[in-house]
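Since the structure comes first, as structure tokens, the remarks are kept for the end.
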Amino acid sequence: MKHFIIAKFRENIDWKALVPEITSHFEAARSIDGISDVIIHTSCSDRSNRFHIMIELQMTPAGLENFDKSAVHSEWKAKYGDMLEGKTIFDCE
């Protein structure tokens, strides 16, 4: 399955400067059992009604459970959660 985290940063956050750090952070998810790939997509639009980053994780259903319990997940929420204006989670086959 594919697990997407789609996020929009607050107006005062330089989200483009955070992309290398966020990429490195999510690369650690590759070591979680059941996660086979991590792809970071960034927006090519500066429109105010667009989200900024889409984190794509390829995983098994068990991998989702493992991810939800992981340090990668909890640290993402703790470090970046207050920087976000909005977030959407989407899972698909």
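The values are calculated or read from the model by the stated rules, or taken from the named source; none is laboratory data. Not measured: the values here are computed from a predicted model. Don't worry about glycine lacking a Cβ; one is built from the backbone with ideal geometry, like all the others, and counts go over all protein chains shown. Ligands, DNA and RNA are stripped out before the accessible areas are found, and what is left, the full protein with its side chains, is counted by its heavy atoms. Shrake-Rupley method; radii C 1.70, N 1.55, O 1.52, S 1.80 Å.
Net charge in the neighbourhood of Val38 (other residues with Cβ under 12 Å of its Cβ; Lys, Arg +1, Asp, Glu -1) is -1. Ordered from highest to lowest accessible area with the whole protein assembly present and a 1.4 Å probe, Phe90, Phe4, Phe51 read as Phe90, Phe51, Phe4. Shown for the chain: the carbon plus sulfur share of the solvent-accessible area, taken with all protein chains present and a 1.4 angstrom probe, equals 50%. Think of the chain as a dipole: +1 on every Lys or Arg Cβ, -1 on every Asp or Glu Cβ, centred on the Cα centre; then among Ala78, Thr88, Asn49, Asn49 lies furthest on the positive end. Among residues other than Ile6 with Cβ under 11 Å from its Cβ, the summed charge is +2 (Lys and Arg +1, Asp and Glu -1). Between Glu21 and Lys87, the FRET efficiency from the beta-carbon distance, with R0 = 22 Å, is close to 0.80. Region 1-45: percent of C-alpha pairs farther apart than 11 Å? Distances greater than 11 Å cover 73 percent of the Cα pairs. Kindly provide the Kirkwood hydrodynamic radius of the chain in Å, to one decimal, from all pairs of distinct alpha carbon atoms. Computed over the chain, the radius equals 13.5 Å. Protein heavy-atom accessible surface, 1.4 Å probe, per residue over region 49-93: 61 Å². With the whole protein complex present, Val19 retains an accessible surface near 30 Å², based on a 1.4 Å probe.
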